[in-house]
Amino acid sequence: MTKAERIKNTIQKTKEYRKTLKPVTYQLKLQNLSKRKKETLERAFLEAKWFYNWLVSDLNRLSLPVNKIKTVEVKIGNTFEERPLTILGSQVKQEIANRLKDNLKSLAVLKKNGHKVGCLKPKKFVNSIPLIQYGITYSLDFTRNRVRIQKLGNFRVLGLHQIPSYAEIANAVLVRKPSGYYLHVTCYLPKDKYYSSNLVDRDIGIDFGVGWKLTLSNGIKIDFEIHETPRLKRLQRKLAKTKKGSRNRKKVQFLLRKEYEKLTNRRKDAQNKILAFLKIYRRVVFQDDWVKGWSALFGRQVHSSGVGGLKSRLRTSLETPTTVERFKPTSQECYACGKRHELSLSDRVIKCYCGWICDRDLNASLVILRKGLGLSPDQAVGLDRPELKPLEKEASARILGSNPYIRVSFLQ
């Protein structure tokens, strides 16, 4: 057996083994950076951009042994100059080339399916550098809170306490953001340890909306919106007055990216809090709504909440997510008898001939729960009387109440 065959067999065994594990990514921030270290990191991202653009300018170069490339041609004005690659390691170069190959394969699949695609173009900047092998490309020192990156040196990091001792550490990505430099470390955890035990032995249904972003079948309503800040609007007006290519414009663009990053972090924190709350339930049922289509009518409210991102994360973050088909009628169907009613958006209460009177969103969440569990109206006995347990109220106050942008209401 050749060396290449042994490596291939090892990779295949690792893939089969990791199917039983849960991949989790932890974000570590590089701290206390000196001027020399900042210059080294900037040089690394600059060389990554040079190398990527050199490959994109001639895709035939992908057939070369890219890990041995020492110099690349960089376009300066109308001429080309040779620049040495002194920071990038061989494995990083190979992974950048592999990323490019994956992008080309994805474009080929889209083109085959009838989509109109263009070609890959050179980038103005590269904000991520792959570190594919733990122990060689990078390594972590848990006792001293440090990370060693190949050819870049040692850095003090914040957040190593997040990684549990039983985690299997895999690849990482060095990321540059307006707020600093981060290391995104991918780890594999046993599923029985990642998914915490359900505190509430109950199934829950979720109805996504615009006024209240989530309505649970037990009567809890959750809303969260993080709008654009006045500072962001001022910077946008200031950017419009700057001259293209000027230093002042670049400075304002950097401040804008930093402000957008703050908004993204706030929305992600709200999503994380809601996901942590939903994990206390045994099973979560939700409908595969086309949230993107809501933007035509409710653009600002939908964009400010990130409810579409929350819906997509429910599939991967929960142990037993169950979805209901998108086009099944849930908002206009009576939970008690299953009769369909014609309701407009202004009708917030459903009144059925069978005597069922209920809040429209709560009724929809109950219908979603019933359909997700595969029950008929006569089989769903007791689902319409979900008394809130003390654990649910305590968890909502402890988890959701810790975020100032989340509002919670309990239906009486």
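The values are calculated or read from the model by the stated rules, or taken from the named source; none is laboratory data. Since the model is a prediction, treat every value here as computed from it, not as a measurement. Don't worry about glycine lacking a Cβ; one is built from the backbone with ideal geometry, like all the others, and counts go over all protein chains shown. Protein only, heavy atoms only, side chains kept; ligands, DNA and RNA dropped before computing areas. Shrake-Rupley method; radii C 1.70, N 1.55, O 1.52, S 1.80 Å.
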(message) Kindly evaluate HIS227 against the criterion of being open to solvent by 10 Å² or more (accessible area, probe 1.4 Å), assigned to a loop (DSSP other than H, G, I, E, B) and not small (Gly, Ala, Ser).
(response) yes
(request) Would you check which residues across segment 131-176 are open to solvent by less than 50 Å² (accessible area, probe 1.4 Å) and on the phi > 0 side of the Ramachandran plot and list them? (result) GLY135, GLY153, GLY159
(request) Show the residue pairs that are 6+ apart or on different chains and have beta-carbon atoms under 6 Å apart, the first residue being within segment 281-298 and under 25 Å from LEU388 (Cβ atoms), the second being surrounded by fewer than 13 Cβ atoms within 10 Å (Cβ to Cβ). (result) ARG282/ASP201; ARG283/THR320
(request) Could you figure out which of (1) in contact with a strand residue (DSSP E or B) (Cβ under 7 Å, 6 or more places away or on another chain); (2) open to solvent by less than 30 Å² (accessible area, probe 1.4 Å); (3) among the aliphatic types (A, V, I, L, M) isn't true of VAL349? (result) (2)
(message) Whether any residue in segment 393-408 is open to solvent by 40 Å² or more (accessible area, probe 1.4 Å), farther than 14 Å from PHE208 by Cβ and polar (S, T, N, Q) is what I want to check.
(response) yes
(request) Check SER165, SER90 and return the single one that is over 22 Å from PHE51 (Cβ atoms), at pLDDT below 95 and not hydrophobic (A, V, I, L, M, F, W, C). (result) SER165
(request) Determine which member of the set LEU41, LEU33, LEU28, LEU21 is closer than 29 Å to LEU140 by Cα, among the hydrophobic types (A, V, I, L, M, F, W, C) and touching an Asp or Glu at 6+ places or on another chain (Cβ under 9 Å). (result) LEU21
(request) List the number of the failed condition for THR186; all other conditions in (1) polar (S, T, N, Q); (2) more than 21 Å from the chain's Cα centre (by Cα); (3) within 28 Å of GLU261 (Cβ to Cβ) hold. (result) (2)
(request) Report yes if some residue within segment 268-279 is under 30 Å from LEU391 (Cα atoms) and of a type in the set (S, T, N, Q); otherwise report no. (result) yes
(message) Could you tell me how many of the residues in segment 281-292 are more than 20 Å from the chain's Cα centre (by Cα) and either open to solvent by less than 30 Å² (accessible area, probe 1.4 Å) or more than 16 Å from LEU369 (Cβ to Cβ) (or both)?
(response) 2
(request) Only strands (runs of 3 or more DSSP E) wholly contained in segment 293-412 count here; list those with 3 or more residues that are out of contact with any Gly (no Cβ under 8 Å at 6 or more places or on another chain). (result) 349-351, 357-359, 406-410
